[in-house]
């Protein structure tokens, strides 16, 4: 049977302009290339998990507009259960404005208020029948903390692993951190949460605050896994990045699938790093997520 991953989170349409470099404050750059992609951290992670081979349930909200209709079509095409991807008639669908620039394709992202902000605890509780043995629950912070907290509490009640990607980073209540089985921040988010720029120190602090384990994603440097056995680095393959948007979501989705399949945290992180390294070599967030067969071919070669 396929492993099950339940994703609670955001759905956005990414409006992307690729520039020769990122503009400075107050500066206008001309001549960038425009593209539109399906995105949103929650939807991205759902697609990553589906392409990794999981049965995925997505819990989220969208507006009654063309962007929302397109998001539903996109997720449905990936085989994702969208029965709890609910409409909010008084809210627009999520939109993210993204600038890409420089050789490293670094990004700047701004996200508008939307139906994502209307997702509540009751929406999560309405999907409780999916919280069954063997599932892994995943959430991020582009939706209200009430929804995230409800997902964490329900996962703990059903004895399911709860994976939290704390992005965008914000101060989190101790009661939520104590429900986190795997926290997956990037280096900057770990620093915002702890005040420590050194990933190892930040990860240790986050574990002291209640998280059972922490995996810090470090871009081209791979990831740092920190759990009860200590810390260990996971190296990333060397690639030429084209678009880094969605790489962290790719990692989180694949990590969740690995845990649902019974891999150790280290094993799941190693495979997730390889998947993320593929995603940065092509444009788009959801479009860049690799298929399981593709990753297996690269692993054998």
Original post:
Which ones in segment 165-175 are buried (at least 21 other Cβ atoms within 10 Å of the Cβ) and over 18 Å from residue 218 (Cβ atoms)?
Top reply: 172
Original post:
Taking the stated definitions as given, is residue 195 under 24 Å from residue 271 (Cα atoms), surrounded by fewer than 15 Cβ atoms within 10 Å (Cβ to Cβ) and out of contact with any helix residue (DSSP H, G or I) (no Cβ under 6 Å at 6 or more places or on another chain)?
Top reply: no
**OP:** Identify, from the list 124, 163, the residue that is assigned to a strand (DSSP E or B) and under 18 Å from the mean Cα position of the chain (by Cα).
**Re:** 163
Original post:
What do you reckon, is residue 272 buried (at least 24 other Cβ atoms within 10 Å of the Cβ), touching a strand residue (DSSP E or B) at 6+ places or on another chain (Cβ under 7 Å) and touching a residue at least 24 places away in the same chain (Cβ under 8 Å)?
Top reply: no
**OP:** Report whether or not residue 93 is closer than 22 Å to residue 140 by Cβ, surrounded by 20 or more Cβ atoms within 10 Å (Cβ to Cβ) and modelled with pLDDT of 95 or more.
**Re:** yes
Original post:
Which members of segment 136-159 meet the condition of being crowded, with 22+ Cβ neighbours inside 10 Å and either modelled with pLDDT under 95 or not in a helix (DSSP H, G or I) (or both)?
Top reply: 136, 137, 138, 139, 140, 142, 143
Subject >> Options 215, 245; residue that is within 14 Å of the chain's Cα centre (by Cα), buried (at least 20 other Cβ atoms within 10 Å of the Cβ), at pLDDT below 95 and more than 20 Å from residue 2 (Cα to Cα) >> reply: 245
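The values are calculated or read from the model by the stated rules, or taken from the named source; none is laboratory data. Bear in mind that the values here come from a model prediction, so they are computed numbers and not experimental data. Every residue, glycine as well, gets a Cβ built from its backbone with ideal geometry; the counts of neighbours run over all protein chains shown.
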